[in-house]
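Structure, as structure tokens:
The values are calculated or read from the model by the stated rules, or taken from the named source; none is laboratory data. This one's a predicted model, so the numbers in the text were calculated from it and none came from an experiment. For neighbour counting, all protein chains shown are included, and Cβ atoms are generated from backbone atoms with ideal geometry for every residue, glycine included.
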């Protein structure tokens, strides 16, 4: 299947040339910024979003909601790793060469790229992280998915991948994250719930403020129940 993406009327190649061709007229500093973003920057930003999401979900007042979100967050890096492992045999089976190895005139900004092109590891990793964060926290997840889309654009701009390599990576990262999520959450939720209810270890799962707020809520519920029972007895 090594013939994918050769010259002709292939829209995949045309879109690659349109996007990558923008690098010709772009200033050098912009190309360097795109190179950093496509190779490392966006992945670093996604990791920082994971840390922000962890800080956010630990502060949720509802214990069940907090534990559920944290379980999804814990699953996220494992999902990304699993998606990359699944991609290894796919790349070896398809054997699609890199665009710059197949077409003349490609602006090669992705330095040191080796191996086959389909599916893009960067796109797979970014979307797996984005979908996992969306499962944990909707607003943060939207931002993460947006970053994943930018990552895909960067990979084409740098000349390291065809657009379909990126789309395949998005599909693979999403599929692996969602397909195994029910099993992962079923395994992660019980131990995280036990940690949340442990006096010594619960701060690993929930912040001090969230625990205090939850405790006040439970106390208010108990007082309301007592007043209701007293009213019935009278």
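When you scan the stretch 166-184, do you find a residue that is over 27 Å from residue 96 (Cβ atoms) and touching a helix residue (DSSP H, G or I) at 6+ places or on another chain (Cβ under 8 Å), even just one?
For the stretch 166-184, residues over 27 Å from residue 96 (Cβ atoms) and touching a helix residue (DSSP H, G or I) at 6+ places or on another chain (Cβ under 8 Å): present.
Would you mention how many residues in the stretch 148-162 are assigned to a helix (DSSP H, G or I) and either crowded, with 22+ Cβ neighbours inside 10 Å or touching a strand residue (DSSP E or B) at 6+ places or on another chain (Cβ under 6 Å) (or both)?
Number satisfying all stated conditions: 7.
Out of the residues in the stretch 104-140 meeting the condition of being free of Cβ contacts under 8 Å to residues at least 12 places away in the same chain and not in a loop (DSSP other than H, G, I, E, B), tell me which one is farthest from residue 23 (Cα to Cα).
138
Would you mention how many residues in the stretch 81-103 are within 16 Å of the chain's Cα centre (by Cα) and either assigned to a loop (DSSP other than H, G, I, E, B) or within 24 Å of residue 159 (Cβ to Cβ) (or both)?
Number satisfying all stated conditions: 3.
Could you please give the count of residues in the stretch 19-39 that are touching a helix residue (DSSP H, G or I) at 6+ places or on another chain (Cβ under 9 Å) and assigned to a helix (DSSP H, G or I)?
12
So residue 186 passes all but one of these: (1) more than 14 Å from the chain's Cα centre (by Cα); (2) touching a residue at least 24 places away in the same chain (Cβ under 8 Å). Which condition number does it fail?
Failed condition: (2).
Yes or no, residue by residue, for (1) farther than 20 Å from residue 147 by Cα; (2) crowded, with 18+ Cβ neighbours inside 10 Å:
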site	(1), (2)
36	no, no
47	no, no
57	yes, yes
69	yes, yes
75	no, yes
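One residue is enough: does the stretch 66-78 have a residue meeting the conditions assigned to a helix (DSSP H, G or I), at pLDDT 90 or above and over 21 Å from the mean Cα position of the chain (by Cα)?
no
Considering only the stretch 100-120, state which residues are in contact with a helix residue (DSSP H, G or I) (Cβ under 6 Å, 6 or more places away or on another chain) and crowded, with 19+ Cβ neighbours inside 10 Å.
106, 109, 117, 118, 119, 120
If residue 210 satisfies all but one of (1) surrounded by fewer than 13 Cβ atoms within 10 Å (Cβ to Cβ); (2) at pLDDT below 90; (3) within 22 Å of residue 134 (Cα to Cα), what's the number of the condition it fails?
Of everything listed in (1) surrounded by fewer than 13 Cβ atoms within 10 Å (Cβ to Cβ); (2) at pLDDT below 90; (3) within 22 Å of residue 134 (Cα to Cα), residue 210 misses just condition (1).
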